[in-house]
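K.L.:
My questions will all concern the structure given below.
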Amino acid sequence: MRSIQISADVFAAIWSARKPGQDTEDAILRGVFKLPETQAQPERDMITTFGFHDPRYGVKLDPGFTIMRTYKGKHYTAKALNGFWLSSADGKMYATLNELNKSIGIEGAENAWKAWQYTEPNSLRRRPLSDLRDQNTILRRRI
């Protein structure tokens with residue numbers, strides 16, 4: 001494998017071209033350029049194989065983990081990819097939930113961990129993303 005340097009918008013464009021079963025940039029680009037699939041590659045390094053990781057709260061999400069929310073009647077989704085959130089609204093990558101919030105027009109203070117939701121795999125119920133955080137690591141303000 002070789003490494004290439006690309007901008008965040010090109011990275012987002014690659015992932016927006018993803019088809020089911022294409023879990024790496026190599027697989028996506030093979031599909032775009034109509035190249036044959038290759039044999040399974042050895043384990044890749046952490047930088048290109050994780051979805052999202054927030055060590056402050058002990059949250060590790062798989063690539064493609066999807067979150068959603070509704071704001072002013074419009075539905076938004078974002079996927080966890082290589083430490084960023086890929087927004088369905090504009091196809092751009094955001095490093096934090098707060099940046100993702102700002103990208104859809106939210107101004108001011110809001111707990112993005114509670115505003116964004118995910119779907120529980122077993123029950124298919126929507127839950128706030130904050131439910132995935134280690135509750136012992138959350139600092140609460142005194143009133």
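The values are calculated or read from the model by the stated rules, or taken from the named source; none is laboratory data. Bear in mind the structure is a predicted one, so any value in this text is a computation, not a measurement. Backbone-built Cβ (ideal geometry, glycine too); neighbour counts: all protein chains shown.
K.L.:
Please find, within segment 79-103, the residue that is farthest from the chain's Cα centre (by Cα) out of those that are under 12 Å from residue 68 (Cβ atoms) and part of a strand (DSSP E or B).
P.N.:
Step by step, filter segment 79-103, then rank; the result is 87.
K.L.:
Right, another one. Could you tell me whether residue 47 is of a type outside the set (D, E, K, R) and either touching a His at 6+ places or on another chain (Cβ under 9 Å) or modelled with pLDDT under 90 (or both)?
P.N.:
yes
K.L.:
For segment 62-99, how many residues meet the condition of being of a type in the set (Phe, Trp, Tyr) and either closer than 17 Å to residue 8 by Cα or surrounded by fewer than 15 Cβ atoms within 10 Å (Cβ to Cβ) (or both)?
P.N.:
Total meeting the criteria: 4.
K.L.:
So residue 106 passes all but one of these: (1) in contact (Cβ under 8 Å) with a residue 12 or more places away in the chain; (2) β-branched (Val, Ile, Thr); (3) in a helix (DSSP H, G or I). Which condition number does it fail?
P.N.:
Only one criterion is unmet by residue 106, namely (3).
K.L.:
Being outside the structural domain of residue 25 (by TED's automatic domain parsing) and either crowded, with 16+ Cβ neighbours inside 10 Å or closer than 16 Å to residue 63 by Cβ (or both) is the requirement here; does residue 102 meet it?
P.N.:
Taking the combined requirement at face value, the residue does not satisfy it.
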